[in-house]
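Asker: Shown below is the structure under consideration.
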Amino acid sequence: MDAKPWQDRVREEDQLLEQLNRLTSQSATRRAQALREGVEQTGSIAEAARVLGRSWNAVYNALKKDDSKKASGKPDATTTE
């Protein structure tokens with residue numbers, strides 16, 4: 001059995017990384033939406049974080065990152081090399 005050339009393997013892994021980055025970005029967007037709903041229901045970022053057992057800073061940063069992603073017009077994060 002012939003092994004694939006290294007260039008093909010690198011290309012395939014690059015494609016996989018791009019796909020995983022898109023999926024991660026989409027998941028982060030859905031998570032931020034759920035966090036927003038939690039903040040709305042509980043009345044504050046701190047309370048939503050407390051319910052989840054996370055720091056308020058983690059919730060705040062997730063929401064802030066999603067806001068900046070929306071503002072930049074980049075719905076899916078990709079890596080550059």
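The values are calculated or read from the model by the stated rules, or taken from the named source; none is laboratory data. Remember, predicted model here, so these are calculated numbers, not experimental data. Using ideal geometry, Cβ is built from the backbone for each residue, glycine included, and neighbour counts are taken over all protein chains shown. Accessible surface is based on the protein model in full, side chains and every heavy atom, while ligands, DNA and RNA are left aside. Shrake-Rupley method; radii C 1.70, N 1.55, O 1.52, S 1.80 Å.
Asker: Taking K and R as +1 and D and E as -1, what net charge do the other residues with C-beta under 13 Å from the C-beta of Arg36 add up to?
Answerer: +1
Asker: Let me ask you something else. How much of the accessible area of the chain, in percent, comes from carbon and sulfur atoms when a 1.4 Å probe is used?
Answerer: On the way: 3470 of 6580 Å².
C and S fraction of accessible area: 53 percent.
Asker: Computed from the coordinates I sent, semi-axes √(5λ) of the Cα gyration tensor in Å equals one of (1) 18, 17, 11; (2) 47, 13, 7; (3) 37, 14, 9. Tell me the label.
Answerer: Identified label for the calculated read-out: (3).
Asker: When the helix-only estimate is applied to the chain (DSSP H runs of n ≥ 4, each -39,500 (n - 2.57), divided by the residue count), what is the mean residue ellipticity at 222 nm, nearest 500 deg cm²/dmol? Let's see the in-between values first.
Answerer: Working: 3 runs with 62 residues, N = 81.
Taken over the chain, the calculation gives -26500 deg cm²/dmol.
Asker: Right, something else. Residues of the chain: accessible area per residue at 1.4 Å, in Å²?
Answerer: The answer is 81 Å² per residue.
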